[in-house]
Amino acid sequence: MNLAFIIIDDSELDCFIAKKIIQQNDKSVKVVTFTDAIAALRQINDNTDMHSDLLTIILLDLRLPIMSGFEFVEEFERLPLTIRNKYIIYVLSSSMNRNDKSRVYSNENIVKMMDKPLTKAAFDAIVTEVRARIN
């Protein structure tokens, strides 16, 4: 199965860093960035190609204007299962808040919370985990 990435972060610098890390490791991987969670959700909902073999990893910041990362996940959970099954959510956040961590780890749609910015080691760990899940 081929992988793609969606980065949702209001920091253009963090989006740039994450995209560069991903592309330096695999130039063929499709990477789309959003600084607005609503636009990302709209794109996910509109991209319902049922024949696609792409599994998309969402790298989601929690602290976003207009729609927070948690609100994004709540809306994502309302999407049909056929859409949700094509995505895996990882939270990339600088939050050290215990409540945030508790909410992340109690949500079955979020795999893990990692520190941002994305590093090569974190990227490698994500890809290894995702490939293990799908094999």
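The values are calculated or read from the model by the stated rules, or taken from the named source; none is laboratory data. Given the structure is predicted, the values throughout are model-derived calculations rather than measurements. Cβ atoms come from the backbone with ideal geometry, glycine included; neighbour counts cover every protein chain shown.
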The number of residues in the stretch 90-110 that are among the β-branched types (Val, Ile, Thr) and touching a Leu at 6+ places or on another chain (Cβ under 6 Å) is 1
The residue from ILE126, ILE57 that alone is in a helix (DSSP H, G or I) and crowded, with 19+ Cβ neighbours inside 10 Å is ILE126
**Prompt:** Got at least one residue in the stretch 31-49 being touching a Phe, Trp or Tyr at 6+ places or on another chain (Cβ under 9 Å), more than 23 Å from GLU129 (Cα to Cα), surrounded by 14 or more Cβ atoms within 10 Å (Cβ to Cβ) and among the small types (Gly, Ala, Ser)?
**Reply:** yes
All-but-one check, PHE76 against (1) aromatic (Phe, Trp, Tyr); (2) closer than 15 Å to LYS116 by Cβ; (3) under 14 Å from the mean Cα position of the chain (by Cα), failing number (2)
Residue pairs qualifying under the 8 Å Cβ cut-off, at least six apart or on distinct chains, with the first in the stretch 70-93 being within 16 Å of SER106 (Cα to Cα) and the second being of a type in the set (Ser, Thr, Tyr), are PHE76/TYR87; ILE88/THR56
> Mind checking whether some residue in the stretch 46-54 is at pLDDT below 90, acidic (Asp, Glu) and either under 21 Å from ILE126 (Cβ atoms) or part of a loop (DSSP other than H, G, I, E, B) (or both)?
Replying inline: yes
Among residues of the stretch 106-118 being touching a helix residue (DSSP H, G or I) at 6+ places or on another chain (Cβ under 7 Å) and closer than 22 Å to LEU13 by Cβ, the residue surrounded by the most Cβ atoms within 10 Å (Cβ to Cβ) is LEU118
Going by the conditions given, is ASP100 over 28 Å from ASP53 (Cα atoms) and not polar (S, T, N, Q)? yes
Going by the conditions given, is LYS20 in a loop (DSSP other than H, G, I, E, B), surrounded by fewer than 17 Cβ atoms within 10 Å (Cβ to Cβ) and out of contact with any Pro (no Cβ under 9 Å at 6 or more places or on another chain)? no
Filter the stretch 69-101 for residues that are of a type in the set (Lys, Arg) and surrounded by fewer than 17 Cβ atoms within 10 Å (Cβ to Cβ); the one that is modelled with the highest pLDDT is ARG78
